[in-house]
1. Which cross-chain or sequence-distant (5 or more) residues have an amide H under 5 Å from the amide H of Glu242, H modelled 1.01 Å from N in plane?
2. Need one number: nm distance between label points at Glu81 and Ser189, each 7 Å from Cα along Cα→Cβ, rounded to one decimal.
3. For Arg128 and Asn113, calculate 0.36 nm times their separation in residues minus their Cα-Cα distance, and state this gained length in nm to one decimal.
4. Taking springs between alpha-carbon atoms closer than 10 angstrom, which of Leu83, Leu141, Leu114 fluctuates most in the Gaussian network model of the chain?
5. Between segment 192-261 and segment 82-106, how far is it from one alpha carbon centroid to the other, in angstrom?
6. Run the simple label-point estimate for Ala105 and Arg45 please: 7 Å along Cα→C-beta, distance reported in nm.
7. Could you give the dipole magnitude of the chain about its Cα centre, charging the beta-carbon of Lys and Arg +1 and that of Asp and Glu -1, in debye to the nearest 20?
8. Let me have the 222 nm mean residue ellipticity of the chain computed from DSSP H runs of 4+ only, each contributing -39500 (n - 2.57), with the sum over all residues rounded to the nearest 500.
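The values are calculated or read from the model by the stated rules, or taken from the named source; none is laboratory data. Worth saying up front: this structure is predicted, and the values here are computed from it rather than measured. As a convention, Cβ positions derive from the backbone with ideal geometry for all residues, glycine included, and neighbour counts pool all protein chains shown. With ligands, DNA and RNA removed, areas are computed over all heavy atoms of the protein, side chains included. Shrake-Rupley method; radii C 1.70, N 1.55, O 1.52, S 1.80 Å.
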Amino acid sequence: MPDQAEGTAGSPTQEVRDFLRRRREQIAQRWADEPLFRAVFTVSRDEAVEAGKAVVDALAQVADAARVEDPDAAGFTTVREQLARMGAARSRAGLSTAQVSSELAALRPPVENLLLADLPDAPADHARACATTLSVLLGTLRVVVMQTALSEGQALIDRQRLQLLEVATPVIKLWDGIVAVPLIGTLDSARSQVVMETLLESIVEQQARYAILDITGVPTVDSLVAQHLMKTVAAARLMGAECIVSGIRPAIAQTMVHLGLDLGTVVTRASLADALGYVLHQLGVGIVNPVANGPVAR
């Protein structure tokens with residue numbers, strides 16, 4: 001294992017630090033021709049060289065702190081965002097995690113060759129120790145890039161998931177003062193929370209007096225989601241709107257009954273059409289039945 005103590009001048013860690021600072025320009029020039037930098041910085045080679053210099057500076061700072069095995073070393077902080085963008089760019093280009101890791105590994109040989117060229121007269125043991133220290137340091141760089149890229153990727157997935165939840169939970173204005181949320185598919189706790197938030201926001205924006213929560217397209221819900229639905233109804237009432245739940249399936253009805261939820265104050269209707277008819281009647285709007293040719297109250 002490489003000596004990580006700051007120790008005396010000429011220790012492998014300090015030797016690598018001095019080498020990185022001394023050969024900063026040459027290392028960056030060689031990295032600019034490697035696939036990782038060349039494919040990410042396509043507009044200008046100078047941009048790739050500057051990015052390489054920033055990474056070399058970070059590695060030198062990590063070596064100076066004698067933390068070559070620590071992905072959380074302070075030296076990586078300044079380039080972590082840049083490294084994440086590079087990893088993410090290669091992933092978007094279709095490369096797998098293993099391929100990105102291979103491109104990172106390809107950065108090591110050019111640097112090692114320069115290091116060995118700088119130590120022609122050094123004892124063999126010392127040269128090996130320096131090469132090992134450099135190898136560990138570059139291996140830690142790979143870990144930093146992969147960790148950061150994975151974190152960014154997960155954050156992107158979370159943002160996209162939230163966006164999909166919002167898109168899958170539209171609030172529709174059916175009439176002046178009437179909004180509806182037609183739900184289709186699986187309803188879990190996270191989506192139930194989005195339903196509540198979007199519905200309450202729409203009640204305020206539309207100044208709605210009535211809100212219809214249609215769950216015809218929801219096959220089943222668990223106990224926690226059922227409670228969320230009841231809380232949504234209560235929250236809408238607090239906002240000054242009456243919430244009507246329509247399309248309750250038998251399985252969902254049984255869940256609510258078994259939970260002992262108080263449905264006495266909740267208006268329910270068999271379908272979205274029945275719920276809309278009920279609300280229009282409450283607003284004093286007559287609905288003409290084309291068959292019977294007369295107003296119908298639902």
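1. For Glu242, the qualifying residues are Tyr210, Ala211.
2. 3.4
3. 4.2 nm
4. Maximum among the listed residues: Leu114.
5. 44
6. Label-label distance for Ala105 and Arg45, simple model: 2.8 nm.
7. 920
8. It lands at -20000 deg cm²/dmol.
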